[in-house]
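A quick write-up on the structure given underneath.
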Amino acid sequence: MLDKILFLLCLASALADERCMPAGRDLMLLMLQYVWNENEMFLFRASLAFAMRNHMNGQQFEVSNIIVCNETMRVSFWFIVTSPLDTSQLIDQENVEAAIRQSRNRINSAFLLTDKTLEFVDILPTLATLYTHPTPPWLIVFGVVMGAVSAGIIIMLVSSVVQKKRKPQDEDDDEETRVKTVENGDAHDGIHNMSFSEDERFTKM
């Protein structure tokens, strides 16, 4: 039993060595601007597995499917991606490149780096997709303008109704005021006693 386990381990390491040869057509090269530790390497592999899942729907890529090869002191290394269905089979370079392009902004954001400091060799940087608003901006502006116009019309209608209701009440108040002033003798437009007039027509007996 122990011999079989050792044989499988040796076989796996041999396969890994063959796949990590620089002449391999599915090898990808990554160059960095600073030294990574094991935790950052794990994050890179997890981010790449996430990108592969996004690109190849239905295939559940794991961290173990991202194999790092030939890590150097200049902080660069090669990596390959194995199939989640058969780890002896490699994902072709075209699919890996497409997955990286699709999720490149997410990978950079995970490390707070840019395309210049996290460089995938031979993969040109791509612009991040523009954010599309769920509601068109012109529709929002139109709604605001229509709301303001509707509010203005409602205010005008309400104010006209209130003024119409106040007008008869004000007229009644004015009439009542005139009656009171006549009764008190303070009205200038009250009844004029003609017997006290200086006109001779009214003073003759």
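With R₀ set to 41 Å, the beta-carbon distance separating D86 from V141 gives a calculated FRET efficiency near 0.15. Note on N95 and F42: with the Förster distance fixed at 30 Å, the Cβ-Cβ geometry gives a FRET efficiency of about 0.85. Rounded to the nearest 20 debye, the dipole size of segment 19-120 about its Cα centre is 180 debye, using +1 on the Cβ of Lys and Arg and -1 on the Cβ of Asp and Glu. Extending 7 Å from Cα along the Cβ direction at I155 and again at Q59 yields two label points whose distance is 6.3 nm.
The numbers here are math on the coordinates, done by the rules we state, and not lab data. Treat the numbers as computed from the prediction; the structure is a model and nothing was measured. Cβ coordinates were reconstructed from backbone atoms using ideal geometry, including for glycine residues, and neighbour counts include every protein chain displayed.
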